[in-house]
Amino acid sequence: MSNGKGVIVSTSRLIPPAKGTIPVAVAVTEDATVIDFAGPWDVFVSVMMPERGPAMTDQMPFKLSMVSDKLDPLTVEGGMKVVPHYTFENAPPCKIAVIGAQRGSEQMQEWLRKIAATVEVTMSVCTGVRHLAKAGLLTGQSATTHHDFYDTFAKDYPDIDVRRGVRFVENKQISTSGGETCGIDLALRVVDRYFGRRVAERTATYIEHEGKGWIV
């Protein structure tokens with residue numbers, strides 16, 4: 001199981017804008033695992049920084065949107081219905097992309113390849129890593145996934161170094177996490193990279209996340 005800590009393979013400090021927001025696009029298609037997108041979503045939306053100024057767009061630095069194939073309601077895990085903000089074709093530029101376990105689509109693959117050069121962090125949760133691999137974004141890099149899928153992922157993608165028993169694997173632009181709650185740890189680590197340990201710890205306290213796997 002992914003019960004350890006995150007692993008940094010390569011990294012860089014992420015520079016936030018002095019004012020305004022950091023756009024986060026959360027990709028959701030049919031059968032998406034709810035906690036994979038809802039966990040990171042709640043981390044980012046819970047970051048509060050009154051020290052950045054009086055405007056809410058400064059105090060809440062992450063602006064989230066849900067992106068999918070169509071704008072129609074779609075069915076995710078357990079029959080939940082969600083309504084995307086944008087399609088993959090008309091989604092505005094983002095700095096962070098979140099990809100959890102889900103059915104996926106050709107449109108999502110094309111979108112991942114399109115944004116790869118300009119996005120600051122593409123992060124996967126659980127078997128969402130397979131969509132990054134299919135898009136050709138992980139060739140020659142290290143990655144992780146849900147512990148039940150280590151062997152099949154390693155077999156299907158022998159050119160990817162599969163790390164086992166870790167909460168996440170951080171590369172400079174692409175980071176991958178283990179299953180379920182590992183995505184919360186990875187999102188907190190992204191907050192840490194942008195705004196530092198104190199802000200990330202404050203966010204973890206606010207959402208009552210007691211795990212320390214994100215601290216690396």
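Summary of values
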quantity: Filter result for Gly178 (touching a residue at least 40 places away in the same chain (Cβ under 8 Å), of a type outside the set (A, V, I, L, M, F, W, C) and either farther than 22 Å from Pro16 by Cα or open to solvent by 40 Å² or more (accessible area, probe 1.4 Å) (or both)); calculated: yes
quantity: Pairs, first at positive phi in the range 12-41, second modelled with pLDDT under 95, C-beta under 6 Å, six or more apart; calculated: Gly20/Thr57
quantity: Matching residues in the range 123-149 - criterion: being open to solvent by less than 20 Å² (accessible area, probe 1.4 Å), farther than 18 Å from Trp111 by Cα and not β-branched (Val, Ile, Thr); calculated: Cys126, Ser142, Ala143
quantity: For Ala187: the one exception among (1) at negative phi; (2) open to solvent by 10 Å² or more (accessible area, probe 1.4 Å); calculated: (2)
quantity: Filtered residue count, the range 1-15, keeping only those that are at pLDDT 95 or above and touching a helix residue (DSSP H, G or I) at 6+ places or on another chain (Cβ under 7 Å); calculated: 2
quantity: Top-ranked residue of the range 15-45 - restricted to ones that are part of a loop (DSSP other than H, G, I, E, B) and open to solvent by less than 10 Å² (accessible area, probe 1.4 Å), ranked as farthest from Val216 (Cα to Cα); calculated: Thr29
quantity: Residue, nearest to the chain's Cα centre (by Cα), within the range 93-121, restricted to residues that are in a strand (DSSP E or B) and over 17 Å from Phe153 (Cβ atoms); calculated: Val98
quantity: Residues within the range 67-81 that are open to solvent by 20 Å² or more (accessible area, probe 1.4 Å) and closer than 21 Å to Gly39 by Cα, tallied; calculated: 7
quantity: Test: Val191 is touching a residue at least 12 places away in the same chain (Cβ under 8 Å), within 23 Å of Asp58 (Cα to Cα) and part of a helix (DSSP H, G or I); calculated: yes
quantity: Sole exception among (1) at pLDDT below 95; (2) open to solvent by less than 10 Å² (accessible area, probe 1.4 Å) for Ala117, by number; calculated: (2)
quantity: Residue satisfying all of: in the range 195-213; open to solvent by less than 40 Å² (accessible area, probe 1.4 Å) and aliphatic (A, V, I, L, M); farthest from Val43 (Cα to Cα) among these; calculated: Val199
quantity: Within the range 137-180, tally of residues that are assigned to a strand (DSSP E or B), within 13 Å of the chain's Cα centre (by Cα) and of a type in the set (S, T, N, Q); calculated: 3
quantity: Verdict on Val216 being in contact (Cβ under 8 Å) with a residue 40 or more places away in the chain, of a type in the set (A, V, I, L, M, F, W, C), outside any helix (DSSP H, G or I) and surrounded by fewer than 19 Cβ atoms within 10 Å (Cβ to Cβ); calculated: yes
quantity: Top-ranked residue in the range 82-101 [being within 18 Å of Val43 (Cβ to Cβ) and of a type outside the set (A, V, I, L, M, F, W, C); ranked as most open to solvent (accessible area, probe 1.4 Å)]; calculated: Lys95
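The values are calculated or read from the model by the stated rules, or taken from the named source; none is laboratory data. These numbers come from a predicted model, not from an experiment. Backbone-built Cβ (ideal geometry, glycine too); neighbour counts: all protein chains shown. The protein model used for the area step is the full one, side chains on, heavy atoms only, and it has no ligands, DNA or RNA in it. Shrake-Rupley method; radii C 1.70, N 1.55, O 1.52, S 1.80 Å.
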